[in-house]
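Presented below is the structure to which this report refers.
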Amino acid sequence: MTYFSYFKAEFLVLLRRKQDVINALLFFITVIVLFPLGVSPSPIFLAPAAGGIIWCALVLAILMAIESMFKEDYNDGSLEQLVVSGLSLPLLVLLKILVLWSVIVIPLLLMLPLLSAMLYLPEGSFWVLVATLLVGSPSLFLIGAIGSALTVSLKQGAMLMLLVILPFYLPVVVFATGAIKAAQEGLPYSGLLAMLLAISLLSLVLSPVMTAISVKASVN
Amino acid sequence: MSWAWFHKLGSPRWFFLWTKSWALPLFCLGMVCLLLGLVWGLAFAPTDYQQGNSYRIIYIHVPAALLAQSCYLSLGIAGFVFLVWRMKMAPIFINAVAPIGAVMALMALVSGAIWGKPTWGTWWVWDARLTSVLVLFLLYMGIIAIQNTLEDIVLADKAAALISVLGLINLPIIKYSVEWWNTLHQAATFTLTEKPAMPVEMWMPLLISVIGLYLVVAGLALWRMQSYILEREHRASWVKQEVVGDGL
Amino acid sequence: MQSIVSLTISDLWIERGDRDLCKGLFFELKSGQVMRVLGENGAGKSSLLKVIAGVIAPLEGQIQYAGQDVTHDRKILQQDAIYIGHSAGIKSVLTVEENLRRYYPSASADELEAVLDNLSILDLADTPAKKLSAGQTRRVALARLWLSKKNVWLLDEPFAALDIKGIALLESHIEQHVLAGGLVMLTTHQDLHSIQSYDLVLSP
Ligand SMILES: Nc1ncnc2c1ncn2[C@@H]1O[C@H](COP(=O)(O)OP(=O)(O)O)[C@@H](O)[C@H]1O
Ligand SMILES: [Mg+2]
């Protein structure tokens, strides 16, 4: 196995399993639809809340997608093969996260114009929303991968993984929605985007190693 | 410098034998301090000119909140020690302390809510401090849940250590984000515990109850660690000796 | 093929759950040798292979390969070894060819075809692995042994689910490998007909 052949195969697997990706996206849309129906469809409520609603849905959809990222590899012995491959496990894990991130986030980006129009997000802050998604979402995937690897041996690990990982997402949600809000109010938001970027970079340093430790602890 | 103590500390047997007789005295001493501080603070300390008597809840809230944070700090350090040096005592420590920390966070939350009623007029306000403690409580529950759910003990230990370390790194970021978020929404003007220049009759009992609670928690933690050691090392001959020797 | 190398296990102590699977285990395996790990179900055969491959960590003991201590960093051994466990790491949604390309991206088309032909799974090359029978899946996993240039083979129940022809095929391939200077460690309940092997018996 080489890093490239692994990357390619991971991509291929996700393409063949496109229904999983589609499910995550549908889940995202469904959570968003809950808010106008459950709280209020009025633009007076929705417009200021749009950024927050989209980010809450995003966090849940991403968690659901990450939760099972190692499941199949664990069951079919691929995870074991990664451990004994002689390649760097943190790097392999990072490649896997990268593939999943691109497959989930690119379709999400494509859906954003429609969804933010449905929530009356002011046009001026749309690009800030896109920016928060681009710089903030990597940290969600990186942190989530640790939880996913730790709970991979459980049959019903989804709830546990959500419970453990969700608190770690709070700062990302706070800064991302804060940036969108700041943009809506005409305040500077670049500092908040920098904060998100910093969190993503910190996760990039820590997560592959921690995920590798978790994978090794889980396969046995 | 000799590292012998560090390695000895990592040996459950040595730890058990060395600290066997400590738990009870620590706990009792702590209880005495805590009661002294509480009685002094609740009954004899002067009334606050702004908040009247309701401020007195700080004699419970502040020690509990401090302990909740200190316990989490210690979990993070223990997790790090375990991941780097694989010290056997570290997961035992995490197992023993996480529920205590969760109880402390819960105590801080409840006392904060009780204080909030006369001060803000509601049981809950999204105050930066209370929100941070709530997140801290959730972090504790995550560690406890992962330990209880994972059946493989090796995996459970590693998972709890990893999450603790991750939490320790994340805690300042969470606190900062919550504080920033709080200024954005400008909820409360009063915050619990941030009082300028408390007179000595007010902070002295507070200090005593903080010290008392630290000792109580240390005693409880030692006692819990000792029972975990016996459980985990039940195959070792020294444990059999210990249990039989004490029991008969 | 290569100069003589050896895999040396000393004082190995493996614990699983609350049980010692082996304690103070010593052995040396040299180029050209086959070792058969025997023992009842649950004796720890799979665990021993996993420890050597580096999937799980031993409680104590040393593992040396080619004169170097690899106990704490298994990289040198892993780069020269192939481990095939009960679940062999075949992705069900990928085809047979894609699965093998995942492990051996540089294998030429001719080489791949020859190996698949040899294992009589050539006409399955474009079939997704989830549509294969257990024996066919095992053949795909074992195809790695034909494509691999690695020296040390760690095989957990490699004959499981194989038919008589498959067993003979694998035996002769193992024989060729050790004749060329390879090392093979395998767990099986099967008697090996054509191969001279050392037996290691694990008792619970
Ligand atoms: N993941 C695991 N966690 C804890 N114990 C295990 C695990 N896998 C196997 N064991 C235990 O280890 C022992 C050896 O298992 P294994 O090596 O698979 O045996 P064998 O391959 O010889 O049949 C068994 O007693 C089994 O119960
Ligand atoms: Mg087996």
*Arrange the following residues from fewest to most other Cβ atoms within 10 Å of their Cβ: C:Glu175, A:Glu80.*
C:Glu175, A:Glu80
_For region B:7-75, the spread of Cα positions along each principal axis, largest first, Å_ = 54, 24, 11
*asked:* Using only the Cα atoms of the protein assembly as shown, what are the Rg and Dmax in Å?
replied: 29.6, 96
*asked:* Could you derive backbone 3J(HN,Hα) for region A:17-24 from the dihedral phi with the Karplus parameters 6.51, -1.76 and 1.60 (θ = phi - 60°), listing whole Hz in sequence and x where the residue is Gly or Pro?
replied: 9, 5, 4, 4, 5, 4, 4, 4
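Charges only on Cβ, +1 for Lys and Arg, -1 for Asp and Glu: so what's the dipole of chain C about the Cα centre, in debye to the nearest 20?
The dipole of chain C has a size of about 340 debye.
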_Using a Förster distance of 56 Å, the FRET efficiency for B:Leu138-C:Ser203 (Cβ separation, nearest 0.05)_ = 0.70
*Based on Cα positions only, what radius of gyration and what Dmax would you give for region A:3-219, in angstroms?*
17.7, 57
*Would you compute, from DSSP H runs of 4+ residues alone, the mean residue ellipticity of the protein assembly as shown at 222 nm, taking -39500 (n - 2.57) per run and dividing by the full residue count, rounded to the nearest 500?*
-22000 deg cm²/dmol
*Measure nothing fancy, just the Cα-based angle from helix B:89-120's long axis to the longest principal axis of chain B, in degrees from 0 to 90, nearest 10.*
10
*Specify which residue in the list C:Val34, C:Ile90, C:Pro204 is farthest towards the positive end of the charge dipole of chain C, using unit charges on the beta carbon of Lys, Arg (+1) and Asp, Glu (-1), about the Cα centre.*
C:Ile90
*How about region C:1-105: which GluC sites (Glu not before Pro) there lie in a loop by DSSP and see at most 13 other Cβ atoms within 10 Å?*
C:Glu40
*What percent do you get for the relative contact order of chain B when only Cα pairs under 8 Å and 6+ apart count?*
36
*Considering every Cα-Cα pair within chain C, what fraction, in whole percent, is farther apart than 24 Å?*
41
_Neighbour-count order for C:Lys131, A:Lys216, fewest beta carbons within 10 angstrom listed first_ = C:Lys131, A:Lys216
*Please report, in cubic angstrom per residue, the volume enclosed by the convex hull of the alpha-carbon atoms of region B:1-155.*
155
*asked:* Kirkwood hydrodynamic radius, computed over distinct alpha-carbon pairs, for region A:78-199: how many Å, to one decimal?
replied: 16.2
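Please label the shape of region B:57-234 as rounded, prolate or oblate, based on the square roots a ≥ b ≥ c of the eigenvalues of the alpha-carbon gyration tensor (a/c under 1.5 means rounded; beyond that, a/b larger than b/c means prolate, else oblate).
prolate
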*Rounded to the nearest 20 Debye, what is the dipole magnitude of region C:105-198 about its Cα centre when Lys and Arg each give +1 and Asp and Glu each give -1 at the C-beta?*
260
*Relative contact order %, chain A, counting alpha carbon pairs below 8 Å whose residues are six or more apart*: 28
*Amide H neighbours of C:Met35 under 5 Å, at least 5 residues apart or on other chains, H built in the peptide plane: list them.*
C:Val184, C:Met185, C:Leu186, C:Tyr198
*asked:* Which of B:Arg224, A:Arg16 has the fewest other C-beta atoms within 10 Å, and how do the rest follow up to the most?
replied: A:Arg16, B:Arg224
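Coordinate-derived values only; no laboratory data. The structure displayed is predicted, hence computed values, not measured ones. Positions of Cβ are backbone-derived with ideal geometry, glycine not excepted, and every protein chain shown enters the neighbour counts.
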